[in-house]
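Chemist: First, the structure itself, so that you have it in front of you.
The values are calculated or read from the model by the stated rules, or taken from the named source; none is laboratory data. Nothing here was measured: the structure is a model prediction, and the numbers come from that model. Counting neighbours? That spans all protein chains shown, and the Cβs are built from the backbone with ideal geometry, glycine included. Please note that ligands, DNA and RNA were not included when accessible areas were found on the heavy atoms of the full protein model with its side chains. Shrake-Rupley method; radii C 1.70, N 1.55, O 1.52, S 1.80 Å.
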Amino acid sequence: MERKLDDLLFALMQNMTIAVSGEKLARDLGVSHSMLVRWIDKLRDAKVEIRGELFTGYRLTRIPDVVLPQLLRPRLRSSRLGKTFYHFYSVDSTNAFAMRLLSHGRSVPDGTLILAEAQTAGRGRMGRTWHSEPEAGLYLSLVLRPDISPTFAALITLGCAVALHNAVERQTGLHADIKWPNDLLVDGKKVAGILAEIQADLDRIHVLVVGVGLNVNHGALPQDLAERATSLKLVSGHPHSRLDILLDFLEQFEALIDRFHAEGPEVIVAEWTRHSSFAFGRRVQIVDGSRTVEGVTKGLNPFGALRVETQEGQIQELYSGEVRNWE
Ligand code: BTN
């Protein structure tokens with residue numbers, strides 16, 4: 001269904017200046033006129049503005065910012081990430097969809113990308129929700145099958161944060177910071193988060209689903225988020241291409257995973273440390289479940305855990321958690 005909507009939208013995008021008759025559209029897409037009308041309604045539900053002109057046909061009234069596979073594929077510079085692509089106008093959660101695909105025993109190759117223009121139940125870390133306004137952000141999940149031990153899983157998600165950081169900086173010119181473990185901050189506020197879900201046995205990862213939410217073109221954020229979160233557009237004052245950021249991110253992430261396999265985990269530790277002001281010398285309070293650790297950050301260990309020196313002079317190593325207060 002979603003693929004048909006993509007085909008219809010792509011056809012409309014190629015005829016922006018003139019209206020295309022419903023008859024021609026239906027013929028080109030190989031469907032009945034009544035089915036076409038239903039698809040047009042579905043696109044309208046997804047906030048695509050289509051004017052239906054009596055006698056002349058259909059026309060888009062503005063170019064929608066939709067990450068169509070037809071636009072992504074010819075520009076994809078990565079060879080695994082994004083090769084298999086599921087595109088949704090709306091889905092509950094791209095991570096949840098990835099998990100459903102996997103549990104249905106479908107073949108899901110390494111690098112499969114699932115992207116939604118909007119999510120109705122976007123999931124955040126610590127059981128939170130992820131605000132997923134249509135077209136404004138990038139909401140995606142990557143299914144990865146790295147041939148490594150689960151002890152390195154955290155490093156892959158740190159690598160994801162590095163790739164996202166680099167793509168955002170290169171494509172927007174903004175300065176970004178990585179807040180441990182993998183939040184992206186711009187101007188001291190959160191613009192992106194990563195939610196990783198893993199299926200593994202003791203010595204091998206079967207699959208790692210890495211979900212990324214990036215606030216790109218939100219004109220405003222809900223009041224309860226606005227104090228801590230922002231979007232790239234809100235900071236820079238103008239919109240940014242979600243497709244350009246996505247393509248750059250996929251290329252950078254794949255290159256980093258390849259370097260990790262070729263050169264070892266220290267590659268990701270070094271890159272993360274280079275781009276995060278949280279790596280060294282930050283006074284932090286970190287909450288990890290029922291455990292709270294306070295102290296000064298002392299870099300990452302080889303598996304990606306954050307080393308924190310407490311007041312008593314002890315080094316605590318944290319693999320997960322949330323930085324609550326920092327200086
Ligand atoms: C966080 O809380 O910082 C992590 C947020 C991760 C959100 C993304 S949006 C795409 C993917 N699908 C989800 O349901 N969540 C992740």
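Chemist: Quick check: net charge around L247, other residues with Cβ under 12 Å of its Cβ, Lys/Arg +1 and Asp/Glu -1? Kindly include the intermediate steps, with their values, before the conclusion.
Modeler: On the way: positive: R73, R75, R77, R170, R242; negative: D244, D248, E251, E254.
Local net charge: +1.
Chemist: Also, I was wondering about something else. Sum up the charges of everything whose Cβ sits under 15 Å from the Cβ of Q314, counting Lys and Arg as +1 and Asp and Glu as -1, but leave Q314 out. Walk me through the numbers on the way to the answer.
Modeler: Values: positive: R291, K298, R307; negative: E294, E309, E312, E317.
Counting the neighbours of Q314, the net charge comes to -1.
Chemist: Here's something else I'd like to know. Can you tell me the order of 78-84, 92-98 when each peptide is scored by its average per-residue count of other Cβ atoms within 10 angstrom, highest first? Can you show the working numbers first?
Modeler: Details: 78-84: 18.7, 92-98: 22.1.
Ranking, from highest mean packing down: 92-98, 78-84.
Chemist: Continuing with the same structure: Grab the Cα-Cα distance for H104 and A11, subtract it from 0.36 nm times how many residues apart they are, and report the gain in nm with one decimal. Write down the numbers at each step before the final one.
Modeler: On the way: separation 93, 0.36 × 93 = 33.48 nm, distance 3.24 nm.
Here the segment from H104 to A11 would lengthen by 30.2 nm.
Chemist: Mind grabbing the base-10 log of I(q)/I(0) for region 78-206 at q = 0.13, 0.14, 0.23 Å⁻¹? Debye formula, identical points on the C-alpha positions, no solvent, two decimal places.
Modeler: Results for region 78-206 at q = 0.13, 0.14, 0.23 Å⁻¹ read -0.57, -0.67, -1.63.
Chemist: Follow-up. With all protein chains present and a 1.4 Å probe, how do R77, R27, R3 order by accessible area, largest first? If you can, show how the numbers build up before the last one.
Modeler: Numbers: R77 120, R27 160, R3 185 Å².
So the residues, ranked largest to smallest area, are R3, R27, R77.
Chemist: Here is a follow-up. Along the principal axes of its C-alpha atoms, what lengths does the chain span, in descending order and rounded to whole Å?
Modeler: Principal extents (Cα only, largest first): 79, 41, 33 Å.
Chemist: Whole-Hz Karplus ³J(HN,Hα) for region 293-304, in order, using 6.51 cos²θ - 1.76 cosθ + 1.60 and θ = phi - 60°, x for Gly and Pro?
Modeler: These are the phi-based 3J(HN,Hα) values: 10, 10, x, 10, 6, 10, x, 9, 7, x, 9, x Hz.
Chemist: About the Cα centre of the chain, how large is the charge dipole given +1 on each Lys and Arg Cβ and -1 on each Asp and Glu Cβ? Please answer in debye to the nearest 20. Walk me through the numbers on the way to the answer.
Modeler: Numbers: 38 positive and 40 negative charges, 144 e Å.
Roughly 680 debye for the chain.
Chemist: Let me ask something additional. Tell me the chymotrypsin sites (Phe, Trp or Tyr not before Pro) within region 288-327 that lie in a loop according to DSSP and have at most 12 other beta-carbon atoms within 10 Å. Don't jump to the answer; show the numbers that get you there.
Modeler: Values: sites: F303, Y319, W326; in loops: F303, Y319.
Hits after loop and neighbour filter: nothing returned.
Chemist: To continue, here is another question. So if I average 1/r over every pair of distinct C-alpha atoms in region 179-218 and take the inverse, what Kirkwood radius in Å does that give?
Modeler: Values: mean 1/r = 0.0846 Å⁻¹.
Evaluated over region 179-218, this radius sits at 11.8 Å.
Chemist: Right, next: For Cα pairs less than 8 Å apart in space and 6+ apart in sequence, what is the mean separation divided by the residue count of region 69-275, i.e. the relative contact order in percent?
Modeler: Working: 412 pairs, mean separation 45.2, N = 207.
Taking the mean separation of contacting Cα pairs over the length of region 69-275, I get 22 percent.
Chemist: Looking at this model, which pairs from K47/K233; K24/K47; K42/K190; K233/K298 are more than 29 angstrom apart at the alpha-carbon?
Modeler: Working: K47/K233 20 Å; K24/K47 23 Å; K42/K190 32 Å; K233/K298 33 Å.
Beyond 29 Å between Cα atoms: K42/K190; K233/K298.
Chemist: Can I ask one more? What percent does the relative contact order of region 18-77 come to when contacts are Cα pairs within less than 8 Å and at least six residues apart?
Modeler: On the way: 42 pairs, mean separation 20.2, N = 60.
After rounding, I find 34 percent.
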